[in-house]
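Student: Before anything else, here's the structure in question.
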Amino acid sequence: MGFQVIGAGGSIQEVGAFAAKGAHTINKPTDYGSLGQYRVSVVTGTLAAALAANSQLFQFKWTDATRFAVITKIRWKFETLTRFTAGTITDFGLDAFIVRSFALGGGGTTLTLSGDNNQLRTNMGASLAQINVSTTATLTAATTLDTQPFAQSFAFGSQVVPSATVAQEGIKGWDGEFVADIANGEMPLVLAQNEGVAIRNRTVWPVAGTGVYMFEIQWAEVTAY
C-alpha cells in the first residue's frame, strides 16, 4: 500500500510501495526560536607537571529551568609546552562525563557569553550557559558524574626532553571528540536544569613538563527537543 505526500505547490511525492523515487531534502540546523546556536574555542592556561588525577579542566553548566541545551560537538587536543621527562599515553588523555546534578564546580576562567558573544548569528539571544576552563590549576570539581565517560582520548606528548635546538612537533588533529551525527538519526547530548559536562584528565602527570589543552564546543539552546 502506498500513499502520497503533496507539497504546498501541489507536487506529489510518491513513497512507500511505489517504485523508488528520489526525495529532495535540505538539512537545516536545530530550530532555536528566540534563543540561539553557539560555538566556543578556548585554551587553558599553562598546566604544570604532576597535575593530579581526575582534575577537571573544562565544565559546561546548564541552569535554566524551562529550556534545554543541545550539544552537538565537543572536541579537545593537548599540546606540550615544556617536554615531559617520562610518562605514558594515558597521562594526557581526558575523560568527558555527563553531570546529572551539577553541584559545586566553577573556578578557573568563566567565559563571557553575555551580550553578542559566540552566537553563530548576531540576532540570536545571549547564551544561558556557563562555561569554566582551567587557568593554571584544576577547577572546583563538579559532582554527580556518570560512572563511565561518554567520550575519551589518549594524547601524544610524553617525550624525553630534546636539546634546545630541536623544535617542538606541531599539533596533529584532535585527541578526542563527541560529534552527534544528527543527519543519520544520532542523538545529541540534551541537558536540562543543573545538568552539564565535566572533562577531566585520567592519571597524574609526570613530575616534569608543562602543557595546554584546547577545547571546542558547539550547542543550541531551545525551548523543546
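Student: Keeping all protein chains in place and using 1.4 angstrom, which order do I182, I217 fall into by accessible surface area, from largest down?
Tutor: Working: I182 70, I217 5 Å².
Ranking I182, I217 by accessible area, largest first, yields I182, I217.
Student: Quick check: pseudo-label points 7 Å beyond the Cα along Cα→Cβ at N27 and T109, how many nm apart are they?
Tutor: Calculated label separation equals 3.2 nm.
Student: Regarding the stretch 47-158, what are the three Cα extents along the principal axes, ordered largest first, in Å?
Tutor: 49, 31, 24
Student: Moving on. Using θ = phi - 60° and the Karplus curve 6.51 cos²θ - 1.76 cosθ + 1.60, what whole-Hz ³J(HN,Hα) does each residue of the stretch 57-72 get, with Gly and Pro shown as x?
Tutor: 3J(HN,Hα) across the stretch 57-72, in whole Hz: 10, 8, 9, 10, 10, 10, 10, 5, 7, 10, 10, 10, 9, 10, 8, 9.
Student: Another question about this same structure. Can you pull the percent of the stretch 51-131's accessible area that's carbon plus sulfur, 1.4 Å probe, other chains left in place? It would help to have the intermediate numbers written out before the result.
Tutor: Details: 1600 of 3340 Å².
Here it works out to 48 percent.
The values are calculated or read from the model by the stated rules, or taken from the named source; none is laboratory data. Note that the coordinates shown come from a computational prediction; the quantities given were computed from them, not determined experimentally. All Cβ positions, glycine included, derive from the backbone under ideal geometry; neighbour counts span all protein chains shown. Heavy atoms of the whole protein, side chains included, go into the accessibility calculation; ligands, DNA and RNA do not. Shrake-Rupley method; radii C 1.70, N 1.55, O 1.52, S 1.80 Å.
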